[in-house]
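These notes are about the structure you will find just below.
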Amino acid sequence: MTAQREQLEADVLIVGAGPAGLACALHLANLIKKHDESATGGGHPLSAENIYVLEKGREVGAHQLSGAIMNPKALAELVPDFEKTAPLDTPVTDDAALFFTKGSSFRFPVTPPPFKNKGNYVISLNRLVKWLGGLVEKSGVNLFTQFGGAQLIYEREGIAGVITEDKGLDKNGKPKDNYTPGYELRAKVTVLAEGPRGSLTKQLVQKKKLDNINPQIYSIGVKELWDVQPGRIQPGYVAHTLGWPVPTNMYGGGWIYGLNNNRVSIGLVIGLEYSDPQFDPHEAFQIWKTHPFLKNILEGGKLVRYGAKTIPAGGWYSMPRPYVDGGLIIGDSASFLDSQRLKGIHMAIKSGMLAAETIFEALKTGDTSAAKLSVFQKKVEDSYIRKELWQVRNFHQSFQYGLLGGLFHTGLQFVTGGRGLVDPMRVRPGHEHYHKDGHPPRERFKGDGKLTFDRLTDVYHSGTRHEEDQPCHLIVHDLNICANRCTVEYGNPCQYFCPAAVYEPVQEKDGFKLKINAANCVHCKTCDIADPYQIIDWVVPEGGGGPNYEGM
Ligand code: SF4
């Protein structure tokens, strides 16, 4: 079907209203305002109204999920008086690093530097982003929620905008009464701020061969928010756990963050390069909660919210080239996250600001070529983003040698400024690590309904909602591979790694069928990353669909 699309033109189009995208929009609007007010101002055609931001969630912040501890330094640059109005839950008051065995826990006598969080805040990323969105709207920028970028418009050696998703198609792709074709949004500069494994970023990186020396590698974080009995945890208490129940040949660890009003954020991070295709990150998280240390905090409490999201873990050597003609990549989409400290919010904000400064100069000169926009990479290299990422440039790769190997290598890297024994340390994409052993289906975790939960109960607590009658946004390109090769070789790992019970292999009279419960999808992107044959494409569903991470 060839749709008649409405065309709109902007100076700058930002895809994704997370911390990176919003920081880019706000800083650019501030630069324009400052320029207009200065003695030399005026005479240029820039206006905040010509900055568009697209957000696929039903409202700003709905898809924002993080631990989340924020280093406030970038926010202080963006909004100098942020402490007056930003929704900062609590400053960090105590740091602990714990090692778990099945029944005990040991606190490291000295908290290792990567786990120190003095001066940082425990926040709800959802609330912080909503607040930032308010500032962006106030600055005159046009922020459109419930619109996703479905396709890139390619021009020159880069991009010239996006086509948003068609609305009102039924599950067979036929127009319904409310059918509206997606808009063709053209811009002088298009900024991809889609978060980890952005669907447009993936296309652009592949098409223009922007990959760095290492491919991007990822972790998955599975999180719950609980209201607990008074006195179980202090606001600002921060603990990171290593050890049980994560097998020693894998990368993983947990977090426990105390928030105000007896609320606690807990989560488990697992590196997506494990070898057992039946490993289930959601199940590991549930089992982790049965440890006596967690049980003491959670017993008598109530689950409030659930979510899951991938985290770019490759760091500096996985950073794609972040500029093309007419386009920039920022935030998690560009690998700006310190996977050792699990900190990305300040880098997302800083990268958004550096992109804004680059774009401002480019628009003033009317030159938005890759050569002009490459200044962004230079700015990143001169900033603390590079400094912080450079120190941990080989960190995550070290854990391909298991926990002990990882600790050995990171110890050496710590004393050599990140270099360690091998620099650069290379990696393979996570999905290449599965063992082909033949894997009969195994029983699934059910949970006790009080402390531990099955995936459907958790999905219910993620607030996820999608229009049911729409084309499936999880495209499996060859179902024969699922039915034949994958069943035999790997036992269909999609049914284990998806933390929202979306993939369900069923044996019917006429053979194997992969049932896809797309309405459950919490947009974590794990399937796009961890599928062993790379035949799953996550594409944007109708805008407004997905989780609602209220308070997360
Ligand atoms: Fe995550 Fe894919 Fe499952 Fe959606 S279907 S929740 S993106 S693994």
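Here are some notes:
- For the stretch 478-494, filtering for residues that are surrounded by 18 or more Cβ atoms within 10 Å (Cβ to Cβ) and closer than 27 Å to ARG465 by Cβ leaves 4.
- Unique residue being under 24 Å from the mean Cα position of the chain (by Cα) and in a helix (DSSP H, G or I) when the list is VAL522, VAL459, VAL488, VAL540: VAL459
- The set of residues from the stretch 62-100 being more than 28 Å from VAL522 (Cβ to Cβ) and open to solvent by 30 Å² or more (accessible area, probe 1.4 Å) comprises LYS73, ALA76, GLU77, PRO80, ASP81, GLU83, LYS84, THR85, PRO91, THR93, ASP94, PHE99.
- Close pairs (6 angstrom Cβ cut-off, 6 or more residues apart or separate chains): within 13 Å of TYR384 (Cα to Cα) in the stretch 71-86, in a helix (DSSP H, G or I) anywhere: ASN71/HIS346; LYS73/HIS346; ALA74/HIS346; ALA74/ILE349; ALA74/LYS350
- Selection of the stretch 68-110 for residues being part of a loop (DSSP other than H, G, I, E, B) and farther than 21 Å from THR248 by Cα yields ALA68, ASN71, PRO72, VAL79, PRO80, ASP81, ALA86, PRO87, VAL92, THR93, PRO109, VAL110.
- Selection count, the stretch 407-425, where residues are more than 12 Å from GLN391 (Cα to Cα) and in contact with a Ser or Thr (Cβ under 6 Å, 6 or more places away or on another chain): 1
- Residue that is nearest to HIS466 (Cα to Cα) [pool: residues in the stretch 510-532 that are without any contact (Cβ under 8 Å) to a residue 60 or more places away in the chain and touching a His at 6+ places or on another chain (Cβ under 8 Å)]: ALA519
Results for (1) outside the structural domain of LYS295 (by TED's automatic domain parsing); (2) within 16 Å of ALA308 (Cβ to Cβ); (3) of a type outside the set (D, E, K, R), shown as yes or no for each residue.
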residue	(1), (2), (3)
PHE445	yes, yes, yes
PHE453	yes, yes, yes
ASP469	yes, no, no
CYS472	yes, no, yes
CYS494	yes, yes, yes
GLU508	yes, no, no
ALA519	yes, yes, yes
TYR533	yes, no, yes
GLY544	yes, no, yes
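- For the stretch 520-549, a residue qualifies if it is open to solvent by 30 Å² or more (accessible area, probe 1.4 Å) and either closer than 26 Å to PRO181 by Cα or near the ligand (Cβ under 10 Å from one of its atoms) (or both), and the qualifying residues are ASN520, ASP537, VAL539, GLU542.
- Those residues of the stretch 335-391 which are on the phi > 0 side of the Ramachandran plot and open to solvent by less than 20 Å² (accessible area, probe 1.4 Å), in sequence order: SER335
- Hey, LEU412 out of contact with any Pro (no Cβ under 7 Å at 6 or more places or on another chain), open to solvent by 20 Å² or more (accessible area, probe 1.4 Å), of a type outside the set (Phe, Trp, Tyr) and on the phi > 0 side of the Ramachandran plot or not: no
- In the condition set (1) among the aliphatic types (A, V, I, L, M); (2) in a loop (DSSP other than H, G, I, E, B); (3) within 16 Å of the ligand (Cβ to nearest atom), LEU451 is compliant with all but (3).
Yes or no, residue by residue, for (1) open to solvent by 20 Å² or more (accessible area, probe 1.4 Å); (2) in a helix (DSSP H, G or I); (3) closer than 27 Å to ALA308 by Cβ:
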{"position": "ASN172", "(1), (2), (3)": "yes, no, no"}
{"position": "ASP177", "(1), (2), (3)": "yes, no, no"}
{"position": "LEU185", "(1), (2), (3)": "no, no, no"}
{"position": "LYS188", "(1), (2), (3)": "yes, no, no"}
{"position": "VAL191", "(1), (2), (3)": "no, no, yes"}
{"position": "GLY195", "(1), (2), (3)": "no, no, yes"}
{"position": "THR201", "(1), (2), (3)": "no, yes, yes"}
{"position": "LEU204", "(1), (2), (3)": "no, yes, yes"}
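- Here the condition is being under 17 Å from the mean Cα position of the chain (by Cα), of a type in the set (A, V, I, L, M, F, W, C) and in a loop (DSSP other than H, G, I, E, B); of LEU46, LEU54, LEU65, it holds for LEU65 alone.
The values are calculated or read from the model by the stated rules, or taken from the named source; none is laboratory data. Just so we're clear, the structure is a prediction, and the values are computed from it rather than from any experiment. Using ideal geometry, Cβ is built from the backbone for each residue, glycine included, and neighbour counts are taken over all protein chains shown. When the accessible area is computed, the model is the full protein with side chains, heavy atoms only, and any ligands, DNA or RNA have been set aside. Shrake-Rupley method; radii C 1.70, N 1.55, O 1.52, S 1.80 Å.
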